[in-house]
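A.B. asks: Just dropping this structure here.
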Amino acid sequence: MPKSSQISPACIKEEDNRVRDENSVLRKRSELHDRSDQPCGHVAQQFTSNNGGIGRQLSRFPLKDDATRILNLMAAIMKPKTLASTLPSCMTPSSSMTKADCVDIARGFNYLTKTTAEDGDAVGEFLKAYPAMQELSERYPGTFEDVLLLASVRLASDNKKYALIRLLFGALLSTFDSMTDIYMIFVFWRTGEKVYAYATVGFIMLSLFLQVLFVVLQNRKQPKGKIIKECMCVMSLTKPGVDAYRVAINAEDVPGSICSPRSEMMYFKGVELFAEAIPGSLVQSYAFLAGSNQSSAAVFSLAVSVSVAAFTSTTISFDIDMDRIKRGHSPNFYGYIPDATSKRVKMFLYIFLLSACQISAKIIACSLCAVESSKIVLTYLGVDMLLFFVYKLLRRDYQYWIPTKGCVISVVIPLLFRVIVKSITDFTGLLHARHPLELGGTYWTFTLVSTPVVCFYFGFRYLSFVASGDHDLVTVLKSSQVYGTIGSLLLVQLISLGYFLKTIDRKFIKTFTSTQTGNQYCENIFLKSEEDEHKIYILSKNRHKWRRVESQVIDWLNNMILVWQEEQPEWYNDQVRATIPDWCVRDKETLHMIRVSREERATIAAREIAKNRRRSVVAEILQECRLEMEVVETEVEVREAVSDSSSSDGKWGNSSSGEGEATMTFQSP
């Protein structure tokens, strides 16, 4: 090659640098062009770092002029401070949306997400409520709805995460409380205080008996094996964990059961409160004041029992209020728990302190009075319970909401559940008990107001008994200790109640003074609800609660049931069908269609499973046959190759040693 045509290394390096600089300029121009054409792209990538798939969805399509508005909307949706207790109104078109409009619309999205049962339904209602969102949905069909659906799922997953932590923590606390009770039984037995040991064992057995009774009632339409399995979970003290697991995986309702898995878990917690936690705390507190066992272990066990009782009571009220379906059909009662995470944590603390202070003050006061005479405490509890039943009978609200059949069952079941709920409310101040189907708002407030009077009176009786000198107590409390402890607890309770009332929406305050009965509550749900999904809720309640509108319910049901069978709305599932009483359906063919449809679907599903199993078995057999055929074909090929090589040995006998070694190597297999 001529010397003049050669290129020096310096020239090559200079040319590489020039090309690299040009590529860098082109890349920057391309990025600027992308940002001008898709102004949301780089912002969406930043949004992705905190919100996962939502940002990726935003960068999928050209938002152009809508980028800033939609990003402001999505940022507002993810802020807890943008939540609302009612649906905000905003009729601004998408082209005129301001940042304030985005905040209002985001508050509406969060409100619909919390009050609608399904995420897809929440998105649909959201698009209908705001014209700007409908315009964006039409401008970007499918993609904009996907972004909203991801945001809805994200919000729901955040709530489920905190709920799951609280759920598992509650289950662990319940199990730990049972273990401390068993430990105290051994302590009482070892120290010779066998009466307290027997009492604690008796309360544990009562709790197990009531739980087994509720299991049988809940699974009365299930096979015996299912009932036995559930009873074994109760007897092995693993029922709290099993219930927590079912709620965590969002297990479906069992057709024919009286309540959902979440409600079942809450009722089991209530039974533990009534039969184990509260009476067990009373026994341990009385043993501490009147007995000789005042060890740190006894104090620790008592503190655990009180804390578990308060936590359980708070969780029951908390979870029931946050139920989407209940918020849908009773928005004037459910929904006092705010949706903002920070406010929700504060609300949980307020309710916990309210419950913990009430149960502590009530247990201490009852134990102090029992030191003088347990008959006084039992008389007070009996008269208070009798007054409650007189109140319910006078208002014709004795029947409980659980459907019952037979005269005896219709008397026993309300008696049992009314006693349980009333006892829990007396000691823990259960907020949900102000529901018209339970105590009612007025009686709940009466119970709360009467607590300080009873506590101070019992404290006064204890001090009078101590002053008389007719006792053999090891430890005697002074008046400052008695009144100071009770007064401090009631003061903290009052402060917690004040902050609670300040935090909730004003419309819920009237539920604390409501005189509405359970019958009136059920009737109002049917008469005032516009959606069939909410109206049919009345069928899951005791017939006595809606007897006055029975004819209207039957007429409405028979007019709509064929429509539901044809359209099959999402809420019209097996659980809802199971709540429809046979006597409400006039047409026998329609009733047969309702009852058989579930069985037919189960049969079809069983047939499909069997068919798939047969197909899988046949496929496995065919696969084995193919493998065997391949093995046979391979053996035949090898034999043919060996025979061919053997027949050629005569021809290859004079070949070189390397070729002979290759032949022997081929024949060795």
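The values are calculated or read from the model by the stated rules, or taken from the named source; none is laboratory data. Because the structure is predicted, anything quoted here is derived from the model rather than measured. As a convention, Cβ positions derive from the backbone with ideal geometry for all residues, glycine included, and neighbour counts pool all protein chains shown.
A.B. asks: Can you confirm whether segment 288-311 contains a residue that is within 16 Å of the chain's Cα centre (by Cα) and either at pLDDT 85 or above or buried (at least 22 other Cβ atoms within 10 Å of the Cβ) (or both)?
C.D. replies: First pass over segment 288-311, keeping only residues within 16 Å of the chain's Cα centre (by Cα): 311.
Restricting the remaining residues to those that are either at pLDDT 85 or above or buried (at least 22 other Cβ atoms within 10 Å of the Cβ) (or both) gives 311.
Taking every residue of segment 288-311 in turn, at least one turns out to be within 16 Å of the chain's Cα centre (by Cα) and either at pLDDT 85 or above or buried (at least 22 other Cβ atoms within 10 Å of the Cβ) (or both).
A.B. asks: Only residues that are outside any helix (DSSP H, G or I) and exposed (fewer than 14 other Cβ atoms within 10 Å of the Cβ): list them for segment 486-522, please. Give the steps one after another, and end with the answer.
C.D. replies: Residues of segment 486-522 outside any helix (DSSP H, G or I): 504-505, 513-517.
505, 513, 515 - these are the residues of segment 486-522 that are outside any helix (DSSP H, G or I) and exposed (fewer than 14 other Cβ atoms within 10 Å of the Cβ).
A.B. asks: Something else now. Would a scan of segment 357-378 turn up a residue that is outside any helix (DSSP H, G or I), at pLDDT below 90 and over 16 Å from residue 439 (Cα atoms)?
C.D. replies: yes
A.B. asks: Still on this structure, I have one more. Looking only at segment 339-356, filter to residues that are more than 19 Å from residue 428 (Cβ to Cβ) and either of a type outside the set (A, V, I, L, M, F, W, C) or modelled with pLDDT of 85 or more (or both); which one of those is surrounded by the most Cβ atoms within 10 Å (Cβ to Cβ)? Step through it out loud before you land on a result.
C.D. replies: Just the residues of segment 339-356 that are more than 19 Å from residue 428 (Cβ to Cβ), to begin with: 339-346.
Then keep just the ones that are either of a type outside the set (A, V, I, L, M, F, W, C) or modelled with pLDDT of 85 or more (or both); that gives 339, 341-344, 346.
Working: 339: 21, 341: 14, 342: 10, 343: 16, 344: 19, 346: 15.
Checking each candidate, the answer is 339.
A.B. asks: Do you know which residues across segment 526-535 are part of a helix (DSSP H, G or I) and either in contact with a Lys or Arg (Cβ under 8 Å, 6 or more places away or on another chain) or closer than 16 Å to residue 257 by Cα (or both)? Outline the logic, then answer.
C.D. replies: The first filter runs over segment 526-535 and keeps only residues part of a helix (DSSP H, G or I), leaving 526-528, 532-535.
If the condition is that a residue be part of a helix (DSSP H, G or I) and either in contact with a Lys or Arg (Cβ under 8 Å, 6 or more places away or on another chain) or closer than 16 Å to residue 257 by Cα (or both), then 526 is the only one that fits.
A.B. asks: Report, ordered by the first and then the second residue, all pairs with beta carbons closer than 7 Å, sequence separation of six or more or different chains, a first member in segment 296-322 that is outside any helix (DSSP H, G or I), and a second member that is surrounded by fewer than 24 Cβ atoms within 10 Å (Cβ to Cβ).
C.D. replies: Matching pairs, first to second residue: 322/337.
A.B. asks: Residues of segment 312-338 being of a type outside the set (Ser, Thr, Tyr), buried (at least 22 other Cβ atoms within 10 Å of the Cβ) and in contact with a Gly (Cβ under 8 Å, 6 or more places away or on another chain), which ones?
C.D. replies: Hit for segment 312-338 is 316, nothing else.
A.B. asks: While we're here: From the list 453, 421, 412, which one is under 20 Å from residue 360 (Cβ atoms) and either surrounded by fewer than 19 Cβ atoms within 10 Å (Cβ to Cβ) or among the aliphatic types (A, V, I, L, M) (or both)?
C.D. replies: Only one candidate passes the filter, namely 453.
A.B. asks: While we're here: What about residue 483, is it in the same structural domain as residue 307 (by TED's automatic domain parsing) and surrounded by 18 or more Cβ atoms within 10 Å (Cβ to Cβ)? Don't jump to the end; show me each part of the working.
C.D. replies: Numbers: in the same structural domain as residue 307 (by TED's automatic domain parsing): yes; surrounded by 18 or more Cβ atoms within 10 Å (Cβ to Cβ): no.
No; evaluated as a whole, the condition is false for this residue.
A.B. asks: Tell me which residues, restricted to segment 547-582, are surrounded by 15 or more Cβ atoms within 10 Å (Cβ to Cβ), at pLDDT 90 or above and within 20 Å of residue 405 (Cα to Cα).
C.D. replies: 549, 553, 554, listed by residue number.
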